[in-house]
Amino acid sequence: MPFNFAQPAQMLLPFVKQYWALDNVMPRGLTHTQRIIPTGLIELTIYFGDKPLSSDRDQLSSDPSLISGQQNTSYNLVVTGSVSLFSVTFHPPGAQVFFKVPMEELYNQTLSLRVIQKEFVDQIESELYEAQSFSQRVGIMNHFLGLLLQKNGRLEPQPRLIDSLMIIDHSMGMVDIVTLANKACLSRKQYERIFKTNVGISPKRFLRIIRLQHALFKKQLTPNLSLTELAYDCGYYDQSHMINDFNLLTGMAPRQYFSACDAYSDYFLL
């Protein structure tokens, strides 16, 4: 499948991790099932062709523009027909800046963008559909998100939350919530409330996802790493602890997952 990737405009870099797009035509009569697992990231996706169907979730909105919040479970998307899409991947607290709703309202949800953002949506869908290249779509999305920043008064994520997320990233999720709350000079209850509002998930669940993403990243870098070594390197108590987290977040044990899916981390990009 031909993917394209790009960085956002400079002013959007604190909030947007990347843009990516896919253009693909499945041979007639064939389907592809894609396992979707928690990434720790919120995503906005605009579809131009056929939309995939979820085999084990409620029917997705018929609207072409969908925003997917933080998730804590896996599900399958069944791809068939002509698929063309453009997607925005936000940094963990980035979407809050543009859409001004508590991000926990999107938890385990994929909703029409119109539910949380009505202005500019018709215009952006039309312009993206008519664009002739990926680079044109990047420019259109830069303009759209820039308008939202201007409209919202260029809100900034709380500095203490940004520092906390940097600690989580650098530790690859191997840090406890009390330490994070203390470093943010907040009580645990205050920290958890602010985290859920801005990131869209509890810090406990987020840390579990980041450890999983770290395990995928390590396996991506070192394919021959044994599961015992992987569990040790990624801060799990033992291999059973890692197996439990894989089952909860991917619906598969690690050996089964790595046999069926690529070892690839959306969170820790190369």
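The values are calculated or read from the model by the stated rules, or taken from the named source; none is laboratory data. Keep in mind the model is a prediction, meaning the values are calculated, not measured. Reconstructed Cβ throughout: ideal geometry from the backbone, glycine too, with neighbour counts over all protein chains shown. Note: accessible area is taken over every heavy atom of the protein model, side chains too, but ligands, DNA and RNA are not part of it. Shrake-Rupley method; radii C 1.70, N 1.55, O 1.52, S 1.80 Å.
Is there a residue being under 18 Å from Lys51 (Cβ atoms) and within 19 Å of the chain's Cα centre (by Cα) anywhere in the stretch 96-109? If you could, list the steps in order and put the result at the bottom.
In the first step, residues of the stretch 96-109 are kept if they are under 18 Å from Lys51 (Cβ atoms); the result is 109.
Applying the additional criterion that residues be within 19 Å of the chain's Cα centre (by Cα) yields 109.
Scanning the stretch 96-109, I find at least one residue that is under 18 Å from Lys51 (Cβ atoms) and within 19 Å of the chain's Cα centre (by Cα), so the answer is yes.
Of all the residues that make up the stretch 115-128, how many are surrounded by 15 or more Cβ atoms within 10 Å (Cβ to Cβ), under 30 Å from Ser74 (Cα atoms) and of a type outside the set (Asp, Glu)?
The first filter runs over the stretch 115-128 and keeps only residues surrounded by 15 or more Cβ atoms within 10 Å (Cβ to Cβ), leaving 115-117, 120-121, 124-125, 127-128.
From what's left, under 30 Å from Ser74 (Cα atoms): 115-117, 121, 124-125, 128.
Applying the additional criterion that residues be of a type outside the set (Asp, Glu) yields 115-117, 121, 124, 128.
Going through the stretch 115-128 one residue at a time, the tally reaches 6.
Exactly one of (1) open to solvent by less than 70 Å² (accessible area, probe 1.4 Å); (2) out of contact with any Phe, Trp or Tyr (no Cβ under 7 Å at 6 or more places or on another chain); (3) within 30 Å of Gln256 (Cα to Cα); (4) free of Cβ contacts under 8 Å to residues at least 60 places away in the same chain is unmet by Glu192. Its number?
(3)
Residue by residue, here is whether (1) over 21 Å from the mean Cα position of the chain (by Cα); (2) over 26 Å from Asp163 (Cα atoms); (3) of a type in the set (A, V, I, L, M, F, W, C) holds:
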residue	(1), (2), (3)
Val178	yes, no, yes
Ser187	yes, no, no
Leu207	no, no, yes
Ile210	no, no, yes
Lys218	no, no, no
Ala253	yes, yes, yes
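Among the numbered criteria (1) modelled with pLDDT of 95 or more; (2) open to solvent by less than 40 Å² (accessible area, probe 1.4 Å), which one does Phe258 miss?
Of everything listed in (1) modelled with pLDDT of 95 or more; (2) open to solvent by less than 40 Å² (accessible area, probe 1.4 Å), Phe258 misses just condition (2).
Taking the stated definitions as given, is Thr39 touching a Lys or Arg at 6+ places or on another chain (Cβ under 9 Å) and modelled with pLDDT of 90 or more? Show your work before the answer.
On the way: touching a Lys or Arg at 6+ places or on another chain (Cβ under 9 Å): no; modelled with pLDDT of 90 or more: yes.
Criteria not met by Thr39.
Hey, among Pro38, Pro93, Pro64, which residue is buried (at least 18 other Cβ atoms within 10 Å of the Cβ), in contact (Cβ under 8 Å) with a residue 60 or more places away in the chain and in contact with a strand residue (DSSP E or B) (Cβ under 8 Å, 6 or more places away or on another chain)? Spell out how you get there, then give the answer.
Working: Pro38 fails: in contact with a strand residue (DSSP E or B) (Cβ under 8 Å, 6 or more places away or on another chain); Pro93 fails: in contact with a strand residue (DSSP E or B) (Cβ under 8 Å, 6 or more places away or on another chain).
Only one candidate passes the filter, namely Pro64.
Residue under question is Gly251, and the condition is that it be open to solvent by 20 Å² or more (accessible area, probe 1.4 Å), more than 16 Å from Gly40 (Cβ to Cβ) and in contact (Cβ under 8 Å) with a residue 24 or more places away in the chain; does it hold? Working first, answer last.
Details: open to solvent by 20 Å² or more (accessible area, probe 1.4 Å): yes; more than 16 Å from Gly40 (Cβ to Cβ): yes; in contact (Cβ under 8 Å) with a residue 24 or more places away in the chain: yes.
Yes; evaluated as a whole, the condition is true for this residue.
Right, Gln132: on the phi < 0 side of the Ramachandran plot and modelled with pLDDT under 95 or not?
Judged against the criteria, Gln132 is a match.
With respect to Thr33, determine if the residue is out of contact with any Pro (no Cβ under 6 Å at 6 or more places or on another chain), free of Cβ contacts under 8 Å to residues at least 60 places away in the same chain, open to solvent by 50 Å² or more (accessible area, probe 1.4 Å) and assigned to a strand (DSSP E or B). Step through it out loud before you land on a result.
Numbers: out of contact with any Pro (no Cβ under 6 Å at 6 or more places or on another chain): yes; free of Cβ contacts under 8 Å to residues at least 60 places away in the same chain: yes; open to solvent by 50 Å² or more (accessible area, probe 1.4 Å): yes; assigned to a strand (DSSP E or B): yes.
Yes.
Quick check: anything in the stretch 51-58 under 30 Å from Asn244 (Cα atoms), assigned to a loop (DSSP other than H, G, I, E, B), among the acidic types (Asp, Glu) and at pLDDT below 95? Write out each step before concluding.
Taking the stretch 51-58 first, the residues under 30 Å from Asn244 (Cα atoms) are 52-58.
Filter once more, keeping what is assigned to a loop (DSSP other than H, G, I, E, B): 52, 55-58.
Subset that is among the acidic types (Asp, Glu): 56, 58.
Then drop every residue that is not at pLDDT below 95, which leaves 56, 58.
Yes, some residue in the stretch 51-58 is under 30 Å from Asn244 (Cα atoms), assigned to a loop (DSSP other than H, G, I, E, B), among the acidic types (Asp, Glu) and at pLDDT below 95.
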